[in-house]
Each structure stands twice: as C-alpha cells, then as structure tokens.
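> Following this message is one structure expressed as structure tokens.
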Amino acid sequence: MVTEEDRWLDRFRELVERRRRDLGIQFYSELDKRAGFPKKLSTFSDILRGRRTIHGPDWIPIAKALDMPVEAMFAYLSGSVLRFPTLEVGPSDFALPSLPVTGEIDPEGWKPVPSPGEIIPEDMSDRDIPADPRYPFQQQYALLNRGNSIDRTARDGDYLIVWNHNATGQVLKSGELVIVTRLRPIAGTKLESREITARRFSVEGNKEYYSFDSDQKRYTDPDHDRYLPPLCRRVGEDVTTTGEHIAVIAKVVSVFRRVSPEP
C-alpha cells in the first residue's frame, strides 16, 4: 500500500530533481555543500533514498540549497500549489494558507454536537497555523490543546496539527497519538454532547487502548479523586468495554507552539 509518506517523498524527489536541473547541479554532494551539511554525510542522497528523516532544523538549509523560499517549498510539498516553484516568484506568491482551527482538545470538556454546516466561532477560525508538508493540505486541520492530558507531547495552548488518515484508509499503528471522540446523550433532549481528546493508541491481544499521554496522577493513578482511565474496546468494535461509543477521527502529526505572543 502506498502511504502518504511515500507520496510526500515522491513529491520531494520530484522537486529536488527539478531544482537540480534548473540550477545546473550534477551531484547531490553539491546540494549538501550549498546547504552547509557536513561533508562526511550524504544528506540529500539519504533523504531521497528514504534512509534519513528530515528534522525541523533541516528545512531552512534544504530550501537554501534549492535556491527557493522555504514557503514555496512547503507549499509545493503540502499540495497547496500544483505547479513547480520557479526562481521568478517570491515568498508572498507561495504563502501557505492557515489550517482551520476546528475546536479544542479538552478531557471532560463535553459540548453539544454542532449541527451540519455550523460556522466555526470567529476567534477560532484564523490563527495562522501552518500545515505539515508531509501530508495533503486539504486533509489537515488544527485543534487547540487545553490542559495537561498530553503534556509529554504538547503543552496547554499548543496547537495539534492533525491528519484525517481515514480519508486514505491508513491503518493505526501502536504508539501513535490520535484524536478520539466520545458521544453522550443530553438528558431530556434528542441531542448529543461530544468530548474530543488526544490519546496514545496501543493494542494488547484483541483489545485497543486509548490512554492519555501524561505522567499526571489524574491520568495514571486509579486512586486519584478525579482519575480519568484509558478507553478500551475490542479490535473492530466501535463501543468501549463500558458501553460508550467512540471514534478515532484523526492522527496527530505535528505540534505548533508559538515562541512569542500573537500580535
């Protein structure tokens, strides 16, 4: 099965080869030199062969080596532009659109399920959140993290960049951080309320577990007065062992954290 990571790597190879031809560069070692990567490492070659993962600090020197704005590179890789960037266009022509912020991660933050087509509240709709270039832009959105339920991975106030893996039929892997929804009826009405949380997925035998990613006692100590246990269900079922309906709606692929206040 071809994964999104495979498709992303294909787009990266395509982009590198196009820019290499445009710039008249024959060897990958020349790209390594332009990027300032150590001589003893075959960085570009290893990335293109799938032997090396690109880490955050690598992106700027890679863009430098390809002689293009980093915004242009991200725009092409994420699929938000469908043509090759060229030397004649500047960064503003490839400015990445912000991901929509569609809600919050909040254990026990039960809220009424929105009606179809309900408008996202204004203060949550435009936060200038970048997409993860490894996945199609159209299959991503952001969620605001509240509290400390996943503080091993994200802090209160961070944004989780999530990918709708269901759109491509991707199978969950044990250890992945996923977005889980739970539904409950609202007493005296025909409506339902929904909780959205981020949880670490794992499989043991024929059971799936969805645990909070935190060392806080509230999430790890059954004797805590506000203990929130992991969710558990049998493989292939939608209902937990306690009778609650849950759904895994996305995978967390990145965390966005601002290092300075918004203007």
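Where a number appears in this text, it was derived from the coordinates with a stated rule and is not lab data. This is a predicted model, so every value here is computed, not measured. Every residue, glycine among them, receives a Cβ derived from its backbone with ideal geometry; neighbour counts consider all protein chains shown.
> I want the antiparallel fraction of DSSP beta bridges within segment 101-256, as a percent rounded to 5.
In segment 101-256, DSSP labels about 90 percent of beta bridges as antiparallel.
> Under 13 Å from the 7 Å Cα→Cβ point of Trp110, by amide nitrogen: which residues of segment 153-189?
Only 182-189 pass the distance filter.
> Can you figure out the FRET efficiency of His245 with Arg11, using R₀ = 45 Å and their beta-carbon distance, to the nearest 0.05?
Efficiency for this residue pair is about 0.75.
> Also, quick follow-up: Which of Lys190/Lys251; Lys39/Lys64; Lys64/Lys251; Lys64/Lys173 have a Cα-Cα distance over 24 Å? Present the calculation step by step, with values, prior to reporting the outcome.
Numbers: Lys190/Lys251 30 Å; Lys39/Lys64 17 Å; Lys64/Lys251 31 Å; Lys64/Lys173 35 Å.
Pairs exceeding the cut-off: Lys190/Lys251; Lys64/Lys251; Lys64/Lys173.
> Determine the principal axes of the Cα atoms in segment 101-256, then give the extent along each, sorted from largest to smallest and rounded to whole angstroms.
The Cα atoms of segment 101-256 stretch 41, 40, 31 Å along the principal axes, largest first.
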